[in-house]
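Visitor: One structure, pasted below without further comment.
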Amino acid sequence: MADIKVVCKHCGNTFYVSEHSAGVTVTCPVCSRETPKPPQAVRVSKLRLREETAAAGVASEPTSRAGAPNVSVPPSPPGSIAAAAEAKRPPPPPDVYDRVHVMRQKPARIHTIFGWLTFIFLGGVLLWLQWSVASATGYGRYYYPARIFIGALVIIWTLMSAFEDSSLQGILCIVFPPYSAYYVFVQADSAILRGTYAAFLLSLGAELYYLRDTSLLMQAQQVLLRFVGATSDLIDRASAPPVKP
């Protein structure tokens, strides 16, 4: 979940690439020339790059929202009026859009393979256990503990990864749970996490076929309907005219 700090040997530009990016060389976004990855990579949180690079006076991201490369502006000469004005100027507020929507480099092929293997293995085990429950075989009793364990693992792993990137990512995953799916499949660098998350989602959907009455989605729907009904009754009682003595 960390990025690698790279300094271009041709133009001196500093930029960041995913630790899972393939190859031993990367393309500089400023001069478009190949430069090798450093042997002793400096790993930093990818969503804290703006603060570090802003302090160093370097563009924080290789590309802008429009896809054009960001070019650093050279500092003003010391002692000039412009330098004094820049020293007194407060730092710009962080761009929330850029802190949330960080471009992720394409992971290496080996990590993608691990993600698919995780998805196939966990998804196959969960589907087989669901079939065992529906067929009343002896292995069916292991499905519900396995579902609870994998669900808790997915939630804890996702939150740890999100808070490692930034507090904003973690808070969004807690306040708006569907955002966690966007974070896992778009933002996170771990292919194994994506495979585990996808296998858990697959098992929840398959429950509607094998275990409809005890499906987690059906139970959540019943809880939501009871909550809506209780809220509606409360509103009706509050809006009813008072009873005259």
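Visitor: Let a ≥ b ≥ c be the square roots of the eigenvalues of the Cα gyration tensor of the stretch 109-230; is it rounded (a/c under 1.5), or, if not, prolate (a/b larger than b/c) or oblate?
Guide: Oblate is the answer for the stretch 109-230, as a/c is 1.5 or above yet b/c matches or exceeds a/b.
Visitor: From the phi angles alone, apply the Karplus equation (6.51, -1.76, 1.60; θ = phi - 60°) to the stretch 221-234 and give each ³J(HN,Hα) in whole Hz, x where the residue is Gly or Pro.
Guide: 5, 5, 5, 5, 5, 5, 5, 5, x, 5, 5, 5, 5, 5
Visitor: I've got another one for you. Distance in nm between label sites at Glu34 and Ala152, each 7 Å beyond Cα in the beta-carbon direction?
Guide: According to this spin-label approximation, the distance is 4.9 nm.
Visitor: Over the stretch 109-230, what is the relative contact order in percent, taking alpha-carbon pairs closer than 8 angstrom and at least six residues apart?
Guide: 34
Visitor: Please list, in chain and number order, the residues 5+ apart from Ser190 or on another chain whose amide H is under 5 Å from its amide H, with Hs placed from the backbone.
Guide: none
Visitor: Report the full-extension gain for the segment Tyr144 to Ile174: residue separation times 0.36 nm, less the Cα-Cα distance, to one decimal in nm.
Guide: Difference between extended and current length: 8.4 nm.
Visitor: Another question, then. Give a residue-ordered list of calculated ³J(HN,Hα) values for the stretch 173-179 (Karplus: 6.51 cos²θ - 1.76 cosθ + 1.60, θ = phi - 60°; whole Hz; x for Gly, Pro).
Guide: 5, 7, 5, 10, x, x, 5
Visitor: Another question, if that's okay. Just rank Lys37, Lys5, fewest to most, by other beta-carbon atoms within 10 angstrom.
Guide: So the residues, fewest neighbours to most, are Lys37, Lys5.
Visitor: What ranking do Thr112, Thr14 get, fewest neighbouring Cβ atoms within 10 angstrom at the top?
Guide: Thr112, Thr14
Any read-out appearing in this document is the output of simple, stated calculations on the displayed coordinates, not a laboratory observation. Because the structure is a prediction, the values reported are computed rather than measured. In this analysis, Cβ positions are derived from the backbone assuming ideal geometry, glycine residues included, and neighbour counts consider all displayed protein chains.
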